[in-house]
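Before any comments, here is the structure.
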Amino acid sequence: MNTANLLRLILLAAIWGGSFLFMRISAPTLGPAVLIEFRVLFAALFLAVVGAFLKKRLDLRAHWKHYVILGFFNSAFPFLLFAYAARTLPASVLAVLNATAPMWGALLGAVWARQAIGARTALGLVLGTAGVALLVGFDHAASRPGAGLAVGAALLAAFSYSVASLYARTAKSVEPFANAHGTMWTSAVMVLPALLVFPPAGAPTAGIVGAVLALGVLCSGVAYILYFRLIDAVGATSALTVTFLSPVFGILWGALFLGETVGWYTLAGSAIVLVGTALVTGFVPRSKRAAPVASPCK
């Protein structure tokens with residue numbers, strides 16, 4: 001990984017870590033459905049412009065079923081769940097809960113393939129569970145009304161990412177940019193019914209509008225382009241390190257811009273979750289042992 005790719009990796013981690021900041025800013029006012037509908041719609045429009053400039057074909061007629069399945073598990077459903085959780089939980093907690101996606105993927109893969117879980121993976125799962133329990137158990141947000149349901153929603157969102165990853169490994173091959181572009185359009189359609197269930201709680205401010213635009217254009221559109229470019233340049237194994245960097249930025253942005261408390265339990269719980277993730281994925285720096293994933297965080 002040269003300097004340019006390292007900078008892209010850090011930028012991608014900063015952007016995806018910032019997605020939880022933007023959701024925390026906008027979800028309490030807009031509600032999860034309105035927020036995510038505009039997020040995926042702005043992302044789809046941005047990618048449509050980029051696709052037209054780059055002459056990238058979407059080929060919706062041939063791949064619409066694939067876009068629907070991947071869009072549901074990799075965007076629409078987890079985005080809604082994280083936006084729901086963002087009404088209650090701090091951005092730092094959301095970022096760390098998101099990092100459990102590879103652990104869910106390992107567990108789901110073992111069940112799907114009916115294979116025994118190895119000692120290394122089992123240790124990683126135990127550590128990841130302990131880290132989440134430590135982080136959530138000591139954080140003052142756990143005492144807020146609905147916090148338990150919010151944590152469950154965030155973990156279910158991470159699980160949904162693992163389902164998308166497993167599906168992507170077995171689905172027919174589709175060009176990466178088309179995957180990102182097509183799934184944003186199908187997600188925009190699938191989120192529409194949720195607007196009836198989660199109406200907005202208030203009128204958006206200029207800051208909230210800016211956060212939604214950043215979520216759609218920056219955290220979904222630009223981030224996907226960066227991520228797939230990294231995979232092409234350095235491989236899925238090296239690109240996977242964004243999983244370990246994103247929570248760092250999620251915690252940093254929450255502390256800097258929202259005044260969230262970073263206690264010992266935040267640092268300890270985050271470190272334990274990331275060690276568990278490394279064990280589960282088999283990630284070792286400068287090795288090729290980590291299994292590729294569809295996308296580690298959104």
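The values are calculated or read from the model by the stated rules, or taken from the named source; none is laboratory data. Being a predicted model, the structure only gives us computed values, none of them experimental. Positions of Cβ are generated from backbone atoms using ideal geometry, with glycine treated the same way; all protein chains shown enter the neighbour counts. These accessible areas exclude ligands, DNA and RNA; they are computed on the full protein's heavy atoms, side chains included. Shrake-Rupley method; radii C 1.70, N 1.55, O 1.52, S 1.80 Å.
Based on DSSP H runs of at least 4 residues, each adding -39500 (n - 2.57), what is the mean residue ellipticity at 222 nm of the chain after dividing by all its residues, to the nearest 500 deg cm²/dmol?
Calculated from helices alone, the mean residue ellipticity at 222 nm is -24500 deg cm²/dmol.
Could you run the Debye sum over the Cα atoms of the stretch 72-203, one equal point scatterer each and no solvent, and tell me log10 of I(q)/I(0) at q = 0.12, 0.18, 0.22 Å⁻¹, two decimals?
Taking Cα atoms of the stretch 72-203 as identical point scatterers yields -0.56, -1.09, -1.30.
Quick one: length gained pulling residue 142 to residue 122 fully straight, 0.36 nm per residue minus the C-alpha distance?
That works out to 4.5 nm of additional length.
For q values of 0.10 Å⁻¹, compute log₁₀ I(q)/I(0) with the Debye formula on a Cα-only model of the chain, without solvent.
Normalising to I(0) and taking log10 leaves -0.49.
Could you give the size of the charge dipole of the stretch 12-122 about its Cα centre, using +1 on the Cβ of each K and R and -1 on the Cβ of each D and E, expressed in debye and rounded to the nearest 20?
Dipole size: approximately 260 debye.
With every protein chain kept in place and ligands, DNA and RNA left out, what is the accessible area per residue of the chain? Probe 1.4 Å, answer in Å².
In whole numbers, the chain has 44 Å² accessible per residue.
Within the accessible area of the chain, what % is carbon and sulfur when the probe is 1.4 Å and the other protein chains stay in place?
Whole-percent figure for carbon plus sulfur exposure: 71.
In the stretch 90-182, which trypsin sites (Lys or Arg not before Pro) fall in coil by DSSP and have 14 or fewer other Cβ atoms within 10 Å?
Passing sites in the stretch 90-182 are 114, 172.
What is the extension gain from residue 203 to residue 110, computed as 0.36 nm multiplied by their sequence separation minus the C-alpha to C-alpha distance, in nm to one decimal?
28.9 nm
Give me the percent relative contact order of the chain, please, defined on Cα pairs under 8 angstrom at least 6 residues apart.
Relative contact order for the chain comes out at 41 percent.
What's the local net charge at residue 26, with K and R +1, D and E -1, over the other residues with C-beta under 11 Å away?
So the environment of residue 26 carries a net charge of +3.
Could you give each residue of the stretch 115-128 its phi-based ³J(HN,Hα) in whole Hz, using Karplus coefficients 6.51, -1.76, 1.60 with θ = phi - 60°, and x for Gly or Pro?
Per residue, the Karplus-derived 3J(HN,Hα) values read 10, 5, 7, x, 4, 5, 5, 4, 4, x, 5, 5, 5, x Hz.
Give me, ordered by chain and number, the residues 5 or more places off residue 283 or on other chains with an amide H under 5 Å from its own placed amide H.
For residue 283, whose amide H was placed from the backbone, there are no distant partners under 5 Å.
If you take the Cα atoms of the stretch 1-77, find Rg, then find the Kirkwood Rh from the mean of 1/r over all pairs, what is Rg/Rh?
My calculation of the ratio gives 1.04.
Rounded to the nearest 20 debye, what is the charge dipole size of the chain about its Cα centre when +1 sits on each Lys and Arg Cβ and -1 on each Asp and Glu Cβ?
Roughly 700 debye for the chain.
Starting from 0.36 nm per residue, how many nanometres of slack lie between residue 3 and residue 229 once their C-alpha separation is accounted for?
Full extension of this stretch gives 79.9 nm more.
Residue by residue through the stretch 164-177, what is 3J(HN,Hα) from phi via Karplus (6.51 cos²θ - 1.76 cosθ + 1.60, θ = phi - 60°)? Round to whole Hz and write x for glycine and proline.
Going residue by residue, I get 4, 5, 5, 5, 4, 6, 10, 6, 5, 6, 10, 3, x, 5 Hz, with x marking Gly and Pro.
Which whole-Hz couplings ³J(HN,Hα) result when phi for each residue of the stretch 75-85 is put into the Karplus expression 6.51 cos²θ - 1.76 cosθ + 1.60, θ = phi - 60°, listed in order with x for Gly and Pro?
After applying 6.51 cos²θ - 1.76 cosθ + 1.60, I find 9, 4, 5, x, 4, 4, 5, 5, 5, 4, 5 Hz.
Please name which of 283, 28, 148 has its Cα lying farthest along the dipole of the chain towards the positive end, using unit charges on Cβ (Lys, Arg +1; Asp, Glu -1) and the Cα centre as origin.
Projecting each Cα onto the dipole axis, the largest value belongs to 283.
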